[in-house]
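Below: one structure, written as structure tokens.
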Amino acid sequence: MKLQPESENINDYLGELPPVIQFHTPAIQEKINAIASRATTKREKAKLAFETARDEIAHSFDTQNPAVTINAEDVLCNKEGICFAKARLLAALLRGMDI
């Protein structure tokens with residue numbers, strides 16, 4: 001199977017997808033700035049973004065919290081989410097850093 005992108009323009013895949021993947025929100029911008037202050041290369045920034053989603057955000061199954069976070073900002077602010085929510089946070093951080 002050969003995967004073929006619909007567009008050859010990478011920018012078509014780096015935009016926001018309201019309301020779940022938005023990176024111009026205050027908390028996401030604050031986290032992006034914090035990451036940027038600790039890293040200079042895109043690789044380093046991507047690593048820190050991944051570690052944020054992996055290590056700073058608890059998985060809702062582990063916490064047994066019945067609340068469900070959906071969008072990236074809520075995940076970051078509540079420090080909790082299930083797999084897809086953590087992935088949305090990572091996508092928002094990466095897209096917000098043009099990665």
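The values are calculated or read from the model by the stated rules, or taken from the named source; none is laboratory data. Computed from a predicted model, the values in this text were never measured in an experiment. In this analysis, Cβ positions are derived from the backbone assuming ideal geometry, glycine residues included, and neighbour counts consider all displayed protein chains. SASA here: full protein model, heavy atoms, side chains in, ligands and nucleic acids out. Shrake-Rupley method; radii C 1.70, N 1.55, O 1.52, S 1.80 Å.
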**Report entry** Members of the range 52-69 found to be under 25 Å from Ala39 (Cβ atoms) and open to solvent by 60 Å² or more (accessible area, probe 1.4 Å), listed by number
**Finding:** Arg54, Asp55, Glu56
Query raised in the report: So which of Ala39, Ala49, Ala72, Ala27 ends up being more than 13 Å from the chain's Cα centre (by Cα) and open to solvent by less than 40 Å² (accessible area, probe 1.4 Å)?
Result: Ala39
Query raised in the report: Is it true that some residue in the range 41-57 is over 16 Å from Arg95 (Cβ atoms), at pLDDT below 95 and assigned to a loop (DSSP other than H, G, I, E, B)?
Result: no
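Quick one: how many residues across the range 9-24 are within 12 Å of Arg95 (Cα to Cα), surrounded by fewer than 13 Cβ atoms within 10 Å (Cβ to Cβ) and not polar (S, T, N, Q)?
Residues of the range 9-24 within 12 Å of Arg95 (Cα to Cα): 10-17, 21-24.
Right, trim to surrounded by fewer than 13 Cβ atoms within 10 Å (Cβ to Cβ) and you get 10-13, 15, 24.
Filter again for not polar (S, T, N, Q), leaving 10, 12-13, 15, 24.
The qualifying residues number 5.
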Report summary line: The correct count of residues that are within 14 Å of Ala72 (Cβ to Cβ) and without any contact (Cβ under 8 Å) to a residue 60 or more places away in the chain in the range 26-45 is 3
Requested in this report: Scan the range 81-99 and give yes if some residue there is of a type outside the set (D, E, K, R), open to solvent by 50 Å² or more (accessible area, probe 1.4 Å), more than 12 Å from the chain's Cα centre (by Cα) and within 16 Å of Ile21 (Cβ to Cβ), otherwise no.
Outcome: yes
Requested in this report: Evaluate the range 52-72: report whether one residue or more is acidic (Asp, Glu) and either within 15 Å of Ile99 (Cα to Cα) or in contact with a Leu (Cβ under 7 Å, 6 or more places away or on another chain) (or both).
Outcome: no
